[in-house]
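Beneath this line is the structure, given in structure tokens, with notes to follow.
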Amino acid sequence: EEAGATIGQVVDSIRTLSDFVADISNASLEQSTGIEQVNQAIMQMDDVTQHNAALVEEATAAAQSLLDQAGSLATVVNTFKLSPSRELVLDA
């Protein structure tokens, strides 16, 4: 009878331990899923960052082009002068 009670306690302890192992396994799976989601979010942020960097490069090139064109326009406009009578005179 005492041996039966001891075996019953051992079986109960094994069930409890099995439940703990199952809980740990479930928690590990949830953690793994969470880490995967974070990893995906980081990859998306990296993609957006690279896209933004490309847009900045394009905007910089466009701004430089506008600056060059403005300089050219200023050079062309500076070839014209108004006389005191406000008539247009070409500076040759």
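Since every read-out is calculated from the coordinates, none of them should be taken as a lab result. Source: prediction; values computed, not measured. Virtual Cβ from ideal backbone geometry, glycine too; neighbours counted across all protein chains shown.
Table for the structure above
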{"item": "Estimated [θ] at 222 nm from DSSP helical runs (n ≥ 4, -39500 (n - 2.57)) normalised by residues in the chain, nearest 500", "result": "-31500 deg cm²/dmol"}
{"item": "Dipole of the chain [Lys/Arg +1, Asp/Glu -1 at C-beta], most positive-end residue of 4, 73, 41", "result": "73"}
{"item": "Helix 2-77 vs. the chain, principal-axis angle (Cα, 0 to 90°, nearest 10)", "result": "0"}
{"item": "Value in Å of the Kirkwood radius, where the chain supplies the Cα pairs that are averaged", "result": "21.3"}
{"item": "Point-charge dipole on Cβ atoms (K/R +1, D/E -1) for segment 2-90, about Cα centre, debye to 20", "result": "820"}
